[in-house]
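Following: one structure in structure tokens, then a few remarks.
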Amino acid sequence: MAGRWRILIAAALLAAGVPAAAWAWAGVQHIQINKLAGRNVPDEMQDFRNFSRPMALPGIFPDLWKEADPDESPRHYFEPDRLPAGFDLKQLSPDLPTALGQMNIAPEIIGIAPWAIMDLMAKTTEAMRETNWVWAAQCAATIGHYVGDLHMPLHTTRNYNGQETWQHGVHSRVESEMTKYFFDVNSIQPEPAVYLEDPFSAIIEWTAHSAELARTILRADDMAKRTANGRIDTETYYHTLWDLTGDIINSQISHAITALSSLWYTAWVNAGRPPIPPAFDELPTLSVHSGVGIDPRTPGDRIDAHGSQPISRYNIIIWSVMGFICLVVIGSSIHRGIQARRAKK
Ligand SMILES: [Zn+2]
């Protein structure tokens with residue numbers, strides 16, 4: 001019975017159009033954000049610009065760690081609209097246990113992206129101070145992913161997939177399908193990186209701004225759907241959605257680059273401006289948090305927008321086969337029972 005329910009639930013989720021990938025932006029935008037942030041650091045840190053190449057691809061690793069590390073997903077979002085109305089985000093502590101006490105909510109519910117960034121800022125600064133540049137670059141590249149995620153507005157709202165407003169699937173429509181199709185890297189215009197006196201306050205400000213934009217994006221999805229007579233699989237829908245949100249996407253990706261290069265610059269200044277060595281070819285793929293690898297997903301795996309519930313096609317096949325075997329076993333024992341009764345007669 002459990003198997004049957006699992007198949008039914010999985011089928012219902014697939015039919016409901018759960019996003020095919022829970023990557024904020026398509027993977028390519030994460031790579032662009034890391035790469036262009038590396039080039040955007042100030043002149044006095046210019047030797048770090050050579051790091052932009054080996055640090056680009058690791059921009060997608062954190063999404064791949066989710067598979068093996070159950071604690072990874074909450075680092076990719078923060079949903080302030082789960083807090084009571086009037087809650088002042090500016091009062092939040094940069095210390096995670098203290099902040100969780102203030103918010104009185106489980107980390108996997110609300111997400112902890114700002115604190116994951118703070119944790120890695122400390123590690124990056126320390127590693128630069130100790131001239132452990134591989135570790136510094138690994139932590140810094142991982143920061144890039146979480147900064148990118150927080151700039152994707154639907155990573156900052158509890159209604160992240162439109163599930164509360166009958167807009168299911170909006171997450172991947174915006175960040176994957178639409179952005180992949182329309183986004184042009186030439187429209188990225190980052191501002192110069194700056195030293196951040198108070199990185200945590202800055203991160204919270206970026207998040208609050210992103211959360212405001214989430215409402216605009218959800219409204220735009222509704223309007224685009226109406227324009228396309230309810231058909232969200234049409235060119236009309238996607239063109240209208242891009243007309244309504246393209247500027248937001250361009251400015252958020254540009255700002256993610258400004259923000260990230262500012263964080264890297266801040267870590268380097270706080271580390272005492274250590275000399276930067278020549279860059280290396282590539283970085284290790286292992287998680288900076290737990291050491292898990294980046295085993296590729298099975299093609300066809302589906303995860304929800306929080307990225308925590310893999311629903312593999314293989315799972316469905318296994319449960320289907322088990323269900324079939326159960327039916328055969330039950331069927332044959334009923335058959336044997338009938339035959340035995342007939343034999344008695
Ligand atoms: Zn992510």
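Within the set Lys66/Lys225; Lys35/Lys123; Lys90/Lys123, which residue pairs have Cα atoms separated by over 22 Å? Let's see the in-between values first.
Working: Lys66/Lys225 32 Å; Lys35/Lys123 20 Å; Lys90/Lys123 24 Å.
Checking Cα-Cα distances, Lys66/Lys225; Lys90/Lys123 exceed 22 Å.
Extension gain for Arg39-Ala208 works out to 58.2 nm (0.36 nm per residue, less the C-alpha to C-alpha distance).
Computed over the range 158-282, the alpha-carbon pair-distance distribution with 5 angstrom bins reads 2, 10, 16, 17, 15, 12, 10, 7, 5, 3, 1, 0, each value a whole percent.
Modelled this way, with points 7 Å down the Cα-to-C-beta line, the labels at Ile109 and Arg231 are 4.2 nm from one another.
A Förster radius of 35 Å, combined with the Cβ-Cβ distance separating Glu126 from Ser187, puts the computed FRET efficiency at roughly 0.45. Net charge of the neighbourhood of Trp264, taken over other residues with C-beta under 15 Å away and scored Lys/Arg +1, Asp/Glu -1, is +2.
Over all other residues within a Cβ to Cβ distance under 13 Å of Glu175, the charged ones net out to -2, with Lys and Arg as +1 and Asp and Glu as -1.
Measuring from centroid to centroid over Cα atoms, what is the spacing of the range 69-113 and the range 189-211 in Å? Cα centroid to Cα centroid, the span is 18 Å.
Bear in mind these aren't lab numbers, they're just calculated from the coordinates by the rules spelled out. Remember, it's a predicted structure, so these values are computed and weren't measured experimentally. All Cβ positions, glycine included, derive from the backbone under ideal geometry; neighbour counts span all protein chains shown.
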